[in-house]
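Each value in this text was obtained by applying a stated rule to the coordinates, not by laboratory testing. Just so it is clear, the model here is predicted, and its values are computed rather than measured. As a convention, Cβ positions derive from the backbone with ideal geometry for all residues, glycine included, and neighbour counts pool all protein chains shown.
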Amino acid sequence: MALTDRQIQLSKTNNADLFLNDGKGLYLRVRLSGSKTWLYRYKTSNNKTQWLDLGLYPERDVLILPLAGEALERQKEFTLSIGGRVFHNNQTNKPWVTDGQIRKIGWIPALKTAGVLYRNPYQTRHTYASMLLSAGENPMWVAQQMGHADWGMIRKRYGRWIPSVDTSAGSRIIQQWSLISHGSTVTS
């Protein structure tokens, strides 16, 4: 029987990952952190069980920057038809199985070539958030992009990247109160 939205919202775990069966190979993994991920369980041709990560619950829309979107579209032409994934191990021409493979074969050599000290791939998430905030994007929107329920985490972790307050901040309310105190009506 399929899971209801209410069942999913109320699902929690106290000690280990919880797997809720939604039927026909579809599962929801609930983590101690509270994150919920859709997974598809299937058997390979040699009868080995595999899990395909289908994305977070609830689904969210994430902005793909134009250059990244173009790169994804170009890559898709070469690999999407092979196993339904965009990114493949260039040594085997098969989809990546673990993040460890990506780190060892792709990430570490790329950092060395670029002359950048090692940092784990998760740091790209922090870079994205701090770049959005430094560019003046709305912190609530950045929180949504990052999958946070509210902007509290953005404020705590990335507050220093939010640009200084606009020097004209507060002038609109002063103007509105000035008009009200002089008997004028205010339109916004």
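At-a-glance table
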{"item": "Among the listed pairs 76/156; 36/156; 36/104, those beyond 29 Å (Cα-Cα)", "result": "76/156"}
{"item": "The chain: Cα Rg divided by the 2.2 N^0.38 Å rule of thumb", "result": "1.43"}
{"item": "Environment charge at residue 35 (Cβ cut-off 11 Å; Lys +1, Arg +1, Asp -1, Glu -1)", "result": "+2"}
{"item": "Euclidean distance between Cα centres, the range 1-47 to the range 110-184, Å", "result": "33 Å"}
{"item": "Potential lengthening between residue 21 and residue 71 on full extension [0.36 nm per residue; Cα-Cα distance subtracted]", "result": "14.5 nm"}
{"item": "Computed lengthening from residue 131 to residue 3, 0.36 nm per intervening residue step minus Cα-Cα distance", "result": "42.3 nm"}
{"item": "Inter-probe distance in nm under a simple model that places probes 7 Å from Cα toward Cβ, at residue 62 and residue 172", "result": "3.1 nm"}
{"item": "Computed lengthening from residue 13 to residue 49, 0.36 nm per intervening residue step minus Cα-Cα distance", "result": "10.6 nm"}
{"item": "Cβ crowding within 10 Å averaged over residues, with 16-27, 139-150 ranked highest first", "result": "139-150, 16-27"}
{"item": "Relative contact order (%) - the range 68-171, alpha-carbon pairs under 8 angstrom, separation at least six", "result": "14 percent"}
{"item": "Where N is the number of residues in the range 79-188, Cα Rg divided by 2.2 N^0.38 Å", "result": "1.76"}
